[in-house]
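See structure below.
The values are calculated or read from the model by the stated rules, or taken from the named source; none is laboratory data. All of these numbers come straight from a predicted model, not from anything done at the bench. All Cβ positions, even for glycine, are placed from backbone atoms using ideal geometry, and neighbour counts span all protein chains on display.
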Amino acid sequence: MKTINDINFAGKKALIRVDFNVPLDKDFNITDDKRITAALPTLKKILNDGGAVILMSHLGRPKAGPTNAFSLSHIVAHLSDLLGITVQFADDCIGQQAIQKAATLKAGEVLLLENLRFYPEEEKGDVAFAEKLAQLGNVYVNDAFGTAHRAHASTAIIAQFFAGAKFSGYLMASEINNAEKVLNHPERPFTAIMGGAKVSDKILLIEKLLEKVDNLIIGGGMAYTFAKAQGGNIGNSLLETDKQALALQLVEKAKAKGVNLILPTDTVIADDFNNNANTNTVLTKNIPDGWMGLDIGAQTIANFNAVLANSKTILWNGPMGVFEMANFEHGTKAVAQAVVDATKTGAFSLIGGGDSAAAVAKFGMENEVSYVSTGGGALLEYMEGKELPGVKALND
């Protein structure tokens, strides 16, 4: 896969797929701009070469065509501030205005197109729509790893119109390089931490990791399906009833592979799903009826931390509890700190997007780990061994 280091953009018009799907508050202020700042090195390289930049992205999930709530116009001012230049805006991603503004764009200038998903053709991977987009630039760059697992018009289909002139941006290349480092070239011991609500969301990844890791830590809501399958009482905790047999199979597979599988031994429980509920700490397999597990307990934290302290490669995907509530964030925060501590002593740590990325950000630790992925679903699928359409399109 060629990267933007393989080309000088002087005199070129680079059509760049970015992931500017950022959260906005009710007044359309950006509440987290990480996805924008992550793309800045790619944009600056192209501008510094003497190229012009045409940006295309989606925002949210609009269902009924153009809607102000999902307009990328809301990010123009902030993007202009970050780049130190006035970013131009086209109120359509195709059509006459977009064509005209792209045609007159000069070296060093930036044009942002309106939300791609205002057209259903984007998500359908429509070839004719992709061709209209392709006419706006003469070089294609994909720097949107977070959408690389979707075969959409702007992420996969469009690349066919840029034979010999398609490149990955720095963010895309970095995401893939870091995922490859963890999956195929880990320094050992290699520990994966899997959390989140459901076993079913992570089955393929867990099975893949059992072929690769030395230690597999499981926490979060999915742990209660394992506890129930092993004969425990889990009260009102999260349970995927139909995945209990699978949980036992994964336990047996770990044994067969010689993988150290570490499950929670104690749990912080609550009598209601809210921050002010009554709480207690009990053994994970002895949760009373009417109570639910919302975080890992102190003994489990100690067990997990002991493993992490001796790890040289760490992959973390999914929180240990309901970290959004202050009374149930302790386990996730403690694991995050353990990952940070291991990183400081030489471990390579990859935080796998989504809730894990949100957690390290909440605790102010995102700059103390080796790499935080911007692509939750895309990273999961890549690590499951699936071919990502957005990556394949750059390689074809």
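Just a few scattered comments:
- A173 vs. criteria in contact with a Ser or Thr (Cβ under 6 Å, 6 or more places away or on another chain), within 30 Å of E207 (Cβ to Cβ), surrounded by 20 or more Cβ atoms within 10 Å (Cβ to Cβ) and at pLDDT 95 or above: yes
- Selection count, region 122-156, where residues are under 21 Å from the mean Cα position of the chain (by Cα), of a type in the set (A, V, I, L, M, F, W, C) and surrounded by 21 or more Cβ atoms within 10 Å (Cβ to Cβ): 6
- Candidates T191, T155, filtered to the one that is part of a loop (DSSP other than H, G, I, E, B) and of a type in the set (S, T, Y): T155
- Selection from region 132-151 of residues that are without any contact (Cβ under 8 Å) to a residue 40 or more places away in the chain and over 15 Å from A165 (Cβ atoms): K132
Each row is one residue, and each column tells you yes or no for (1) surrounded by fewer than 24 Cβ atoms within 10 Å (Cβ to Cβ); (2) hydrophobic (A, V, I, L, M, F, W, C); (3) modelled with pLDDT under 95.
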position	(1), (2), (3)
N317	no, no, yes
V340	yes, yes, no
K344	yes, no, no
D355	yes, no, yes
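- Unique match (being in contact with a Pro (Cβ under 7 Å, 6 or more places away or on another chain), at negative phi and of a type outside the set (S, T, N, Q)) among A334, A359, A309, A393: A359
- Selection status of F145, closer than 16 Å to Y382 by Cβ and of a type in the set (F, W, Y): yes
- Residue tally, condition part of a helix (DSSP H, G or I) and small (G, A, S), over region 355-391: 9
- Pairs, first assigned by TED's automatic domain parsing to the domain that holds T313 in region 216-229, second among the β-branched types (V, I, T) and modelled with pLDDT under 95, C-beta under 6 Å, six or more apart: M222/V199; T225/V199
- Looking only at region 90-125, residues that are assigned to a helix (DSSP H, G or I), out of contact with any Asp or Glu (no Cβ under 9 Å at 6 or more places or on another chain) and either within 25 Å of K45 (Cα to Cα) or charged (D, E, K, R) (or both) come to 9 in all.
- Filtering D143, D126 for residues that are in the same structural domain as A14 (by TED's automatic domain parsing), within 13 Å of V391 (Cα to Cα) and of a type in the set (D, E) leaves a single hit, D143.
This table checks each residue for (1) under 18 Å from the mean Cα position of the chain (by Cα); (2) in the same structural domain as G219 (by TED's automatic domain parsing); (3) charged (D, E, K, R).
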site	(1), (2), (3)
G331	no, yes, no
F348	yes, yes, no
E366	yes, yes, yes
S373	yes, yes, no
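- Just one of (1) under 17 Å from D355 (Cβ atoms); (2) out of contact with any Pro (no Cβ under 8 Å at 6 or more places or on another chain); (3) buried (at least 20 other Cβ atoms within 10 Å of the Cβ); (4) of a type in the set (G, A, S) fails for G195. It is (2).
- The set of residues from region 156-199 being hydroxyl-bearing (S, T, Y) and closer than 13 Å to N395 by Cα comprises just one member, S168.
Every residue, every condition in (1) over 23 Å from S174 (Cβ atoms); (2) of a type outside the set (K, R), yes or no:
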position	(1), (2)
F20	no, yes
D32	no, yes
G50	yes, yes
K63	yes, no
I99	yes, yes
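- Taken over region 328-346, the criterion of being touching an Asp or Glu at 6+ places or on another chain (Cβ under 8 Å) and part of a loop (DSSP other than H, G, I, E, B) is satisfied by E329 alone.
- Considering region 208-327, the qualifying helices (runs of 4 or more DSSP H), each wholly inside and each with 1 or more residues that are under 27 Å from the mean Cα position of the chain (by Cα) and under 19 Å from F363 (Cβ atoms), run over 298-309.
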